[in-house]
Amino acid sequence: MSDHDLLIGGERVAGGGSPLAVENPFTTETIAEVPSATAEQLDAAVAAAREAFSGWSVTPAGERCEMLHEVARRLREEQEALARTMTLEGGKPLVENRDEIDWCAACFDYYAEIGRDSAGRVIPPIESSQVALVVKEPMGVVGCIVPWNYPLLLLIWKVAPALAAGNTVVCKPSEITPLSTLQLAGCLDHLPAGVVNLVTGAGEVGAAISEHDGIDCVAFTGSVATGKRVASACASRLARVNLEMGGKDPFIVCADMAGAESLEIAARGGAWAAFLNAGQVCTSSERFYVMEDVYDDYVSTFVAHTESLVLGDPLEVGTDVGPMVSAPQRQKVVDQVEAAVGAGAEILVGGGDGGQATGHFFAPAVVTGAPAETDLLREETFGPVAPIVPVKSLDEAIALANGTKFGLGANVYTGDLKSAVRCMRELRAGTVWINDPLTDNDAGPFGGFKQSGIGRELGREGLEAFQETKHVHMETEIERKEWWYPYSEYGPTQTGE
Ligand code: NAD
């Protein structure tokens, strides 16, 4: 058995398809060659999940609860090993990957309990002799397709609720970060065979999952372009779909943040929201709208803090920002920033390789003067760049914040109650963070407005995303109804009364 084996029907099997080269983005060395799943292996994984569904879907919720808590316990036990693997294959600082494992375990614990808490609701029947129920049932087999930036968390946001609802899953990690996902197998081997299946591969395996008739629901996180392909593949066979896609999150700083201490907090919060995981977060803050009264001080505080950030080996304690995940991903950021500079923008700090000898480093950058129509202020950047724009009023800030095709998250810094409530109501985004950027809550649904997504993960909504709804109408009196044929005997309709 190899660490690179797939997990199909409870067995570790070597992938039979073409190999995926996994690069360490800090050293740029190839650290593994992971074989992809063949079409037959995907079929086998789907068949195993279908077979396991018949038992898992009727396993008492209390038993499923215990098994999901056990996954959480094992994740905590394996935290260091999993976090190291994620750092080696993705370049995210170890400290952030340790957090990621904590969040994964917490998510399993949350859904372990939520999954046994309710199976629907009782509704008032039409007659007193009747019972009426709304029953929540599992959908069947869920295909989970995820990106590389939070390889385990984004997978577990799907797997934990899907399993808690009684579904079985076939999971595909990104071709860039397959190692940590395959390493999960050890945290899952107490589950019945076939309940969780892990297959590797690039886009063609993702496409095959979306098109597979044996998969009832596809839960996808990734770019808007790929999400649209998944959506249309699912639409053609009317499979259920849950899509979490890109963003261009705004970050508004209100004039009441003028005090030095408040401004420092809003600048540090902004830098963290923009540069966390080298800006490769779907909810990265990518557009800063700052009231004119505090603009100059905010920009200088932000720049000074950015200059203090430590770039380097993501495995080292004290590294704030690691490399970007790959050369092409870095190049996209370079191109977007260069285009903005060509249109008149200025880079106040960062933007080069940060003096690093190896690795796909892009030094966290603060940019001002970018014209509103540049891609830097309209399209997802997915890199450590904070463009800051002065605004005259909260009206202008909200209008600009809402002025893109995205609507994933939005951040606001203000101590003013009226401004906070206006932002809460008027920002068109799936999550609005006021004075605490980017904090997730297992109980709080996560997802996007507009092209940022369809459906929600986390919270009760995240469980319902993997449930079908059945209305059960039960009559306890077995009797002929007066409104059946013949209508000649049915009074009210005949007379129109
Ligand atoms: P991507 O769309 O290129 O790939 C995502 C996954 O889809 C990968 O596993 C990939 O192999 C697979 N895939 C590729 N082509 C496919 C196809 N035709 N059919 C089905 N699957 C296919 O995205 P990425 O570069 O891995 O990740 C970055 C993107 O993910 C960014 O746009 C980011 O905003 C988004 N993202 C969104 C969220 C969220 O929760 N909304 C979270 C993290 C990342």
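The values are calculated or read from the model by the stated rules, or taken from the named source; none is laboratory data. All figures in this text were calculated on a predicted structure; none of them were measured in a lab. Neighbour counts run over all protein chains shown; Cβ positions are idealised from the backbone, glycine included.
Return a yes/no flag: does the range 165-177 have any residue that is more than 9 Å from the ligand (Cβ to nearest atom), touching a Cys at 6+ places or on another chain (Cβ under 8 Å), farther than 27 Å from residue 102 by Cα and in the same structural domain as residue 106 (by TED's automatic domain parsing).
So far as the range 165-177 goes, no, none of its residues is more than 9 Å from the ligand (Cβ to nearest atom), touching a Cys at 6+ places or on another chain (Cβ under 8 Å), farther than 27 Å from residue 102 by Cα and in the same structural domain as residue 106 (by TED's automatic domain parsing).
Please enumerate the residues belonging to the range 446-483 that are within 16 Å of the ligand (Cβ to nearest atom) and among the aliphatic types (A, V, I, L, M).
454, 458, 465
Kindly indicate whether residue 386 is more than 16 Å from the ligand (Cβ to nearest atom), assigned by TED's automatic domain parsing to the domain that holds residue 304, small (Gly, Ala, Ser) and surrounded by fewer than 17 Cβ atoms within 10 Å (Cβ to Cβ).
No, not satisfied.
In this structure, is residue 380 at pLDDT 95 or above and either in contact with a Gly (Cβ under 7 Å, 6 or more places away or on another chain) or polar (S, T, N, Q) (or both)?
yes
Please go through the range 197-220 and give me each residue that is of a type in the set (A, V, I, L, M) and part of a loop (DSSP other than H, G, I, E, B), ordered by number.
Answer for the range 197-220, where residues must be of a type in the set (A, V, I, L, M) and part of a loop (DSSP other than H, G, I, E, B): 199, 202, 215.
How many residues does the range 179-207 hold that are near the ligand (Cβ under 9 Å from one of its atoms) and in contact with a strand residue (DSSP E or B) (Cβ under 9 Å, 6 or more places away or on another chain)?
4
Just a yes or no: is a residue in the range 390-410 free of Cβ contacts under 8 Å to residues at least 24 places away in the same chain, surrounded by fewer than 22 Cβ atoms within 10 Å (Cβ to Cβ) and farther than 24 Å from residue 223 by Cβ?
yes
For residue 283, state whether it is within 13 Å of the ligand (Cβ to nearest atom), touching an Asp or Glu at 6+ places or on another chain (Cβ under 7 Å), over 24 Å from residue 392 (Cα atoms) and β-branched (Val, Ile, Thr).
Judged against the criteria, residue 283 is a match.
Taking the range 451-468, which residues are charged (D, E, K, R) and buried (at least 17 other Cβ atoms within 10 Å of the Cβ)?
Hits for the range 451-468 are 456, 457.
Residues that are touching a Phe, Trp or Tyr at 6+ places or on another chain (Cβ under 6 Å) and among the hydroxyl-bearing types (Ser, Thr, Tyr): does the range 211-233 have at least one?
No, that holds for no residue.
Limited to the range 170-194, what total is found for residues that are more than 22 Å from the chain's Cα centre (by Cα) and buried (at least 24 other Cβ atoms within 10 Å of the Cβ)?
1
Out of the residues in the range 221-242 meeting the condition of being outside any helix (DSSP H, G or I) and buried (at least 24 other Cβ atoms within 10 Å of the Cβ), tell me which one is farthest from the ligand (Cβ to nearest atom).
Result: 242.
Could you tell me whether residue 96 is crowded, with 18+ Cβ neighbours inside 10 Å, within 22 Å of the chain's Cα centre (by Cα) and in the same structural domain as residue 32 (by TED's automatic domain parsing)?
Judged against the criteria, residue 96 is a match.
Restricting to the range 9-46, what's the tally of residues that are in contact (Cβ under 8 Å) with a residue 60 or more places away in the chain, in a helix (DSSP H, G or I) and crowded, with 17+ Cβ neighbours inside 10 Å?
4
Of these, 125, 138, which one is away from the ligand (no atom under 16 Å from the Cβ) and under 20 Å from residue 209 (Cβ atoms)?
138
Does residue 65 qualify as being crowded, with 22+ Cβ neighbours inside 10 Å, in a helix (DSSP H, G or I), touching a helix residue (DSSP H, G or I) at 6+ places or on another chain (Cβ under 9 Å) and not polar (S, T, N, Q)?
no
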